[in-house]
Structures are given as structure tokens and as C-alpha cells.
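Encoded as C-alpha cells, the structure appears first; notes follow it.
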Amino acid sequence: MNPYRVDPPKFEGRFLLPQFWPTWLMVGFLYLLSWLPFSLQLQLGKGLGRLFKKSMKKRVLIAKKNLQLSFPGKSEDEIDKIIDQVYNNTGIAMLETGIAWWWPDWRLKRKVKVEGLELVKKATDEGKGVFALLFHFLSLEVHARAVGFYHPAVGLYRPHNNPLMEYLQTKGRGRSNKYLLGKKNVKGFLQALEDGELCGYLPDQDYGPNRAVYIPLFAVPDAATTTGSSIFANHPNAVTLISTFDRLPGNQGYVLRFYEPENAIPTGNDEQDARHINSEVEKAVENNIGAYMWMHRRYKTRPSKDLPSYYGSLQKRKKQRKK
């Protein structure tokens, strides 16, 4: 047993106190919605996404700036259409949390097609751990649940500040997978690879200047990109694979894919590894641009404090509101 694993929290009597009633109300409503037909949930999710777009104005501006930086050749109308897709998918993702946490295995499994599972099986049959690179697409909760149907996995996560939500999310995410590790638990992740586990890792956000290189991502020449991936990819018992999860057209469901990176990872050079990973991010995103989580300030960390922020105009608006 991995000594670094997070023990799932237990139900506490205090969760029944009035301070947690709003959480129960929200979660109970989400639970009830999760039992609606899949096609109806998709439609409701799109409507919810339109509400999010109207109410989350700052996040809309961040998404727009990210898309303008990443794809300077796209017109204003093209970017606005992508943002509409992003928020439709954001609303759907909210309902997909209920699908991921509460749907019985038989109901969700019949909605998931899988490709490339033989790569995982080959590695694990040889006693290897699989270092699976996942990216921040909006169906991430269902992605994680679906992986566990075919090979229960280990993942990193950030504990929720609300103890009731921490209990519920840990329970939900553990339905078909093995265990969770704290997001900074490097030793635990390495131990899981040593133990021959399938381990999911998300390398595609801006995690700050520590252990980062400034390299191209889309049209941005100096995106802060973590080199933490190389720590795990270089483990002698690790095999690196990419895993994506796409929603199929209409009401068909999803396709879960495992595949080898186009360029070898690891290379023995942390920056080169990061370049190869960013290349994989670009390919995955360009195949499904409206399903990516563009609301995160992906380009917030600059190589030098003397350089202006890519989000300067947004930061000025924030300061003006505070005044």
C-alpha cells in the first residue's frame, strides 16, 4: 500500500448542521438532475452555460484573451463562437459532475468507447507504471471516472475548502479508481509508478515560476510550462502515454483514448520534454477547441517581472473595481 495516499474522509455528524444545508441543497439538486435522460442533460447544460457566460464576465474576458493570444489569426466572430462553445460545455460539465459521481457503472459504461487500451495493458502486464498525461478539458470529471472502468487509476487533487464537498468529491472520484494523492505529493506519485499503477497528471496550466521553462504554446512564445512532468516521466518504471476524452456528436456519449506521444517522452532534457508535451496539448486542443478550459490565466507568469502582463487590461479593471 502506498503510504502517501489520501485516506478518504468519513461522514461526520456535523455535516447535518444548518451551515451545510446550502451545500446539501445544491448537491441534492445536482443528484436529481443526474437521473434525467442524457440528451436532456446536454440541453440543460447548454442553458446553464449561457447563464454562466452572462454572470462570469471576468472569466469570459480571460477566455477571450487566451484565445486571442493563442490564435491571433482568428477573427473576433470566430473567437466569440468558440467562447459560446466553451460556455455551453462548461454548463454541461457541471451536470457531468453528477454523471461522474453518481451514475451506476452500467449506465455510464455503455456511453463510453475506448481506444488504445492495449497500450496500458502492455505496460502494466510488464509491471510498468503508466504516466498518463491528461489535459484540462471540461469533461475531466467523467474522463477520470471512465478511466477506472478499464484500469483503476491514481490521481492528484486539491482538497476542497468545504469539508462536506471534500467528503462528496473524494467519494465520487473514488467510485471506479484506486486512490488520490495531494497535488504536491511527488513522493507518493513516484511510489505509485514504482508500484505499477496507472497515474494521471495534468501538465497544461500555469503553475507559476518554480520548476518552469518559458517555451512556445500555440502562438505565445514564452508560456510558463512545468518541468515537473519530467520528474515522473524519468522514473525507470514509467511508460508515458497521452489520454484524451471527447464528447461524441449528438447523444452518442464519449470516446476515451490512450496513445503514445508523437515525440518520445522523456528525452533526458526537461525543456525538450516540456516542448513535446505542449505539442501534444496543441494537437488535442485543436481537435476540440471549444471543449477546453480556456478560463484559466494560462499565460499569467512572465519570464521577467519587468515584462508587462498579458492580462494587463483585465488587471486594471480589477483594481478599478476595488477602488
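The values are calculated or read from the model by the stated rules, or taken from the named source; none is laboratory data. The structure presented is a predicted model; accordingly, all values stated were derived computationally and were not measured. Quick reminder, even Gly has a Cβ in these numbers, built from the backbone with ideal geometry, and neighbours come from all protein chains shown. Only protein heavy atoms, including side chains, enter the accessible area calculation; ligands, DNA and RNA are left aside. Shrake-Rupley method; radii C 1.70, N 1.55, O 1.52, S 1.80 Å.
Annotation note: Cβ proximity below 9 Å between a residue of region 70-90 that is within 19 Å of PHE218 (Cα to Cα) and a residue that is open to solvent by 80 Å² or more (accessible area, probe 1.4 Å) (sequence gap 6+ or interchain) occurs for PHE71/GLU78. Residues of region 246-256 include at least one that is touching a strand residue (DSSP E or B) at 6+ places or on another chain (Cβ under 8 Å) and on the phi > 0 side of the Ramachandran plot. Residues of region 47-64 that are open to solvent by less than 50 Å² (accessible area, probe 1.4 Å) and within 22 Å of LYS300 (Cα to Cα): VAL60, ILE62, ALA63, LYS64. Among the residues of region 19-45, those that are open to solvent by less than 70 Å² (accessible area, probe 1.4 Å), free of Cβ contacts under 8 Å to residues at least 60 places away in the same chain and either assigned to a helix (DSSP H, G or I) or over 15 Å from LYS111 (Cα atoms) (or both) comprise GLY28, GLN41, GLY45. Note on region 181-201: among residues that are assigned to a helix (DSSP H, G or I) and of a type outside the set (Gly, Ala, Ser), the one that is nearest to HIS151 (Cα to Cα) is LEU193.
On the stretch given as region 274-292, residues that are over 19 Å from GLY228 (Cβ atoms) and either outside any helix (DSSP H, G or I) or over 18 Å from the mean Cα position of the chain (by Cα) (or both) total 2. Taken as a whole, the condition of being of a type in the set (Gly, Ala, Ser), under 20 Å from GLU115 (Cβ atoms) and touching an Asp or Glu at 6+ places or on another chain (Cβ under 8 Å) does not apply to ALA224. Counting residues in region 115-127 that are more than 27 Å from PRO266 (Cα to Cα) and over 11 Å from the mean Cα position of the chain (by Cα) gives zero. Counting residues in region 293-303 that are touching a residue at least 12 places away in the same chain (Cβ under 8 Å), over 20 Å from the mean Cα position of the chain (by Cα) and closer than 21 Å to ASP206 by Cβ gives one or more. Residue pairs whose Cβ atoms lie under 6 Å apart, separated by 6 or more positions or on different chains, with the first residue in region 163-183 and open to solvent by 20 Å² or more (accessible area, probe 1.4 Å) and the second in a helix (DSSP H, G or I), are ASN177/GLY148. Listed by position, the strands (runs of 3 or more DSSP E) inside region 202-271 whose residues that are exposed (fewer than 15 other Cβ atoms within 10 Å of the Cβ) and free of Cβ contacts under 8 Å to residues at least 24 places away in the same chain number at least 1 are 220-226. For ALA192, the requirement of being touching a Cys at 6+ places or on another chain (Cβ under 6 Å) and crowded, with 20+ Cβ neighbours inside 10 Å is met. When you look at SER70, is it open to solvent by less than 30 Å² (accessible area, probe 1.4 Å) and in contact with a strand residue (DSSP E or B) (Cβ under 7 Å, 6 or more places away or on another chain), yes or no? Yes; evaluated as a whole, the condition is true for this residue.
Quick grid of which residues meet (1) acidic (Asp, Glu); (2) within 30 Å of GLN41 (Cα to Cα):
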position: GLU194; (1), (2): yes, no
position: ARG211; (1), (2): no, no
position: ILE231; (1), (2): no, no
position: ASN237; (1), (2): no, no
position: LEU248; (1), (2): no, yes
position: GLU262; (1), (2): yes, no
position: GLU282; (1), (2): yes, yes
position: SER309; (1), (2): no, no
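When the residues of region 1-17 are filtered to those that are open to solvent by less than 80 Å² (accessible area, probe 1.4 Å) and more than 23 Å from the chain's Cα centre (by Cα), the one that is farthest from GLU166 (Cα to Cα) is ASN2.
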